[in-house]
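In what follows, a structure is listed as structure tokens, so that the remarks can point back to it.
The values are calculated or read from the model by the stated rules, or taken from the named source; none is laboratory data. Bear in mind that the values here come from a model prediction, so they are computed numbers and not experimental data. Cβ: placed from backbone, ideal geometry, glycine included. Neighbour counts: every protein chain shown. For accessibility, only protein heavy atoms count, side chains too; no ligands or nucleic acids. Shrake-Rupley method; radii C 1.70, N 1.55, O 1.52, S 1.80 Å.
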Amino acid sequence: MSTLTITQDGRSAQFTVPRRRSVRPASVGRTVLLSLFVLVSLFPFYWIVITSFKTNADLARGTHSLLPTSWSWSAYKADFSQYDYWHNVLNSAIVAVSTTAITIVVASAAGYALARTRMRGRPIMLGFILVAGFFPVMAMVGPLFLTFTHVNAIDSFWTLILSYLVYTLPIAIWFLANFFSQIPVEIEEAAVVDGLTRFRALFRVIVPVAMPGVLTAAILSFILAWNDFTFALSFMQTPSKYTAPLAINNLGHSQFQVFPNMIDAAVVVVTIPIALLVLMAQRRIVSGFTSGSTK
């Protein structure tokens, strides 16, 4: 801070002028490193996007410029008209939304029970649930495939939904159990005194209060189900029932040539819903994680 004195007509007045903050070299270095990290992280997706707008002629010439010589929607048009890719995107939406809805209903009830019920070994049970959520997917494909084959459930949307619940439910239950434990018990006790049952108090009182955590669990479950490839590859056999990530495996291929622009166009289409969902709900996601991590 510095003091400035101004004198006029024999009167003097003093003003405090704040000093300009000097830019520290350390902060400049952190900014540069962060910018480089962001550029390096986004470059692969940027390359996918510009490749999706390249024409077959550009790819045939083997041009690898950072910008396509001519912008074309031909790859997107071919995906949706020639390969009927919109139908696969719809399949992914049906499966992902159904998985998310079932996950939130079941995980809310289970998480609430774990948060409010006094039982021995509760930390061990929560730890087991968390470990189950991160169990290798490839280790689960074999037993699930044999089970679904035995009950003639292969090549069905319900097969995928039940498979996705194997790893969406444990993560959502663990997350919501920790989140519900932060909510005061007096809130639900007041609801019970007013005549609500425990179950109705959960979905009418507790869940609205815990909405940031519930939305975070829903978004995580949706992303896991939307991006899955392994289960879809193992259990789906009819091309018309393929999900969007699995259908990409059949796009842009001919007998003698591969068209990366068509493959990358499908990748962009699959990525857009997830990117928009995260951008619109990023505040609630951060609020859900921070609220569930503090007492």
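Scanning segment 150-169 for residues that are surrounded by 12 or more Cβ atoms within 10 Å (Cβ to Cβ) and not in a loop (DSSP other than H, G, I, E, B) yields F157, T159, L160, I161, L162, S163, Y164, L165, V166, Y167, T168, L169. Looking across segment 246-262, the residues that are open to solvent by less than 40 Å² (accessible area, probe 1.4 Å), under 21 Å from L233 (Cα atoms) and part of a helix (DSSP H, G or I) come down to L246, A247, I248, M262.
Residue selection: I219 fails the criterion of being open to solvent by less than 60 Å² (accessible area, probe 1.4 Å), aliphatic (A, V, I, L, M) and at pLDDT below 85. Taken as a whole, the condition of being without any contact (Cβ under 8 Å) to a residue 24 or more places away in the chain, assigned to a loop (DSSP other than H, G, I, E, B) and of a type in the set (A, V, I, L, M, F, W, C) does not apply to M125.
In segment 145-162, the residues that are on the phi > 0 side of the Ramachandran plot reach residues that are assigned to a helix (DSSP H, G or I) with C-beta atoms within less than 8 angstrom, at least six apart or across chains, in these pairs: D155/F235; D155/K241.
Every condition in (1) out of contact with any Phe, Trp or Tyr (no Cβ under 8 Å at 6 or more places or on another chain); (2) surrounded by 14 or more Cβ atoms within 10 Å (Cβ to Cβ); (3) more than 19 Å from I129 (Cα to Cα) is met by F179 except one, and the failing one is (3). Screening the candidates A115, A177, A172, A139 for the property of being over 24 Å from the mean Cα position of the chain (by Cα) and part of a helix (DSSP H, G or I) yields one hit, A115.
If you check I206 against the conditions, is it outside any helix (DSSP H, G or I), touching a residue at least 12 places away in the same chain (Cβ under 8 Å) and β-branched (V, I, T)?
Spelling it out, it is not the case that I206 is outside any helix (DSSP H, G or I), touching a residue at least 12 places away in the same chain (Cβ under 8 Å) and β-branched (V, I, T).
Scanning segment 44-74 for residues that are under 18 Å from H253 (Cβ atoms) and assigned to a helix (DSSP H, G or I) turns up I48, T51, S52, N56, L59, A60, S74.
Of all residues in segment 84-104, exactly one satisfies the criterion of being touching a helix residue (DSSP H, G or I) at 6+ places or on another chain (Cβ under 6 Å) and open to solvent by 70 Å² or more (accessible area, probe 1.4 Å), namely W86. Checked against the criterion of being surrounded by 10 or more Cβ atoms within 10 Å (Cβ to Cβ), over 26 Å from V269 (Cα atoms), of a type in the set (S, T, N, Q) and at pLDDT 85 or above, the candidates S35, S81 yield just one match: S35. Regarding T159, is this residue at pLDDT 85 or above and touching a Phe, Trp or Tyr at 6+ places or on another chain (Cβ under 8 Å)? Yes, satisfied.
Being part of a helix (DSSP H, G or I) and either under 9 Å from the mean Cα position of the chain (by Cα) or of a type in the set (S, T, N, Q) (or both) is the filter here; which residues of segment 226-245 pass it? Within segment 226-245, W226, N227, T230, S234, S240 meet the criteria. The set of residues in segment 75-91 being touching a residue at least 24 places away in the same chain (Cβ under 8 Å) and part of a helix (DSSP H, G or I) consists of A75, Y76, A78, D79, Y85, H87, N88, V89, N91. Only one residue in R116, R120 is open to solvent by 50 Å² or more (accessible area, probe 1.4 Å) and touching a helix residue (DSSP H, G or I) at 6+ places or on another chain (Cβ under 8 Å), so which one is that? Within the list R116, R120, the selection yields R116.
Would you call R116 charged (D, E, K, R), within 18 Å of F175 (Cβ to Cβ) and in contact (Cβ under 8 Å) with a residue 60 or more places away in the chain? Give the derivation first.
Working: charged (D, E, K, R): yes; within 18 Å of F175 (Cβ to Cβ): yes; in contact (Cβ under 8 Å) with a residue 60 or more places away in the chain: yes.
When the stated conditions are applied, R116 passes them.
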